[in-house]
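Here's the structure, in C-alpha cells; my notes come after.
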Amino acid sequence: MQPDYKPPPAEIISFVSGKGGVGKTTLVSNIGIALVKRFKKKVLVVDTCFSSPTLGLHLGILYPSSTIHDILENRVPVEEAIYAHSSGLHIMPASLSAKRGEVDYNRLRAKLSQVADNYDYILLDGSAGVDEETKATIKASDRVVVVTNPDIPAITSAIKVLETIKDFGIDIAGIILNKIRGSEYEATAREIEGSTDEKLIGTIRYDRLVPESISSSTPVVLYSPESDPSVSMIKIASAITGLPFTLPSRSIVSTLVESILGRKEKRERPSMEKIVRHLGEEAQKLPTAQKKEPVEVVYDDETKTAIEGVRKVIHALEDEYKEGILSAESYRELRKYNNEKLKAFLAKGIPIYEKPPAPGEPEAAEIEQPKSDMIKQLLDSLKEQYEGGILSEEDFKHLRAQALSVPHPSSTEQPEPKKKHHKRKKKKKHKPAYHAKRRR
C-alpha cells in the first residue's frame, strides 16, 4: 500500500518596488484571481504593506474584524484573519489605521507557514522602498517579483531593491514593467533588462479600465475579462508559475452583450466618507505603545566568514555571466544554489534590541502620540489611495479636509468658554445749560 501523498506547502511570492504608485497592489489582486479562475489554484494574498495597506480596498474588504496585525501580535489565530472573495481567492488584509513599527515583522514567515499547506501559492503585497517592512516581506519569501514603471526614478529605485534582495539570498522571479504609455521619454524593455541584469516577465500598458475597476473594488480580470490589461495579467501569472494557458477568442456576441448589459462583475463604488470615518474610529482604538525593532543582527565569526564567502561567489557568478563565460541557465542554477546557502547562514543571526531605559525614565514607546502624528497616519493612507488610483483628485482633496477634523483619543479637554467682558457704559457728561444773557 502506497503512503498518502502530501502536496508541498505553498510557494510564497512577494511583489515589491522601489517607489510607491507603480501598481503592486493591483497586480497582486489580479494575478491572484487569475491563478484561481484560469489555473484552478488555491491562492492566498496577504497585505504586508503594514503601515499603508490598500489590498482590502481593491477587493471590497473595507472593515475587517481581524487583520495580519492581530496575527503578528498573537491576538487571534491565523485562520481568523483570512477572508474569502467571491472569485474563490482568499485574502489576509491589514489594518488601515496601523502605525509603522507597531508589529514584529520577523514573525511573518512563521505565521504564514501555519496555513501554507492549504494553498498552492501565497502572494505578498509588499511596501515600497527598502525599509524594515519591505525587508521583512523579502525575507519571508521564496521568490520576489519587482514592479516598476518605465521612468528613471522608478527604475533607479528598483535597482536598489534588487540589490537588497540579492543580499538576502532570495531568488528573483523577474521584473514587471507596468503603466507603459509608449512615450519617447520612457525606457524600453531592453534598456531595463540591460540596466538591472534581470529578465522582464511581463509588460502592461496603461489602460483607463484599471483605475475604473479599482474605483468599484473589482479587479480588472473580473471587471473586463477580455480587455488588454486582463490578458497581460494572465500572461504574467503564467510566466511566474510556469503554467501554460490559452486565451479564448473574443466573440462578437459577447462584445454586444457587454455593451448592452454592462459588465456583470461591476460593483458600486464604496462610500469614501464612510472609509474616512472608519479610519478615524480605528485611530482612536490604537494602543500608544509600539514594538521596538532590533538595531543590529549579530553573527559569530564562522558564520560571518561564510556569509562573506557566499556573497563573493554570487558576485563572481554575475561577472562571469556578463562576460559570457556562463550561460543563462547555468547562471540561474548556480545563483539559486548559492542564494539558498546565503539564506541559511543569514537565519543564524541573533537580533539585538535597544537597551532598556534607566529606572524612573519613561520608555519612548509609552509616550503618548501627539495629535499631529495621528492625523498624518490618516493623510498617508488617503495619499496611498490617491496614488493607487482609488481616489480622484477632487475626492482626495475633499477627504483630506475631513481627515484633518478627526479627533485624537486624548483630546478630552473641552475648550474653556470665553469670558464675557461687560463694557461699562460711559456716563454722559451733562453740560450745564448756559442761560446767561450776553452782556452788552
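Quick look at the values:
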| quantity | calculated |
| --- | --- |
| The stretch 159-187 - residue that is among the polar types (S, T, N, Q) and closer than 20 Å to LYS24 by Cα and, of those, surrounded by the most Cβ atoms within 10 Å (Cβ to Cβ) | ASN178 |
| Qualifying residue in the stretch 320-333 (condition: in a helix (DSSP H, G or I), at pLDDT 85 or above, buried (at least 16 other Cβ atoms within 10 Å of the Cβ) and over 30 Å from the mean Cα position of the chain (by Cα)) | no |
| Test: residue in the stretch 172-185 that is β-branched (Val, Ile, Thr), without any contact (Cβ under 8 Å) to a residue 40 or more places away in the chain and farther than 19 Å from ALA128 by Cα | yes |
| Test: residue in the stretch 191-206 that is in contact with a Ser or Thr (Cβ under 6 Å, 6 or more places away or on another chain), surrounded by 16 or more Cβ atoms within 10 Å (Cβ to Cβ) and among the hydrophobic types (A, V, I, L, M, F, W, C) | yes |
| Any chance ARG181 is closer than 24 Å to ALA34 by Cβ, of a type outside the set (S, T, N, Q) and assigned by TED's automatic domain parsing to the domain that holds VAL221 | yes |
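The values are calculated or read from the model by the stated rules, or taken from the named source; none is laboratory data. In this text the structure is predicted, and so the values were computed from the model without any measurement. With ideal geometry, Cβ positions are generated from the backbone for all residues, glycine too; neighbour counts draw on all protein chains shown.
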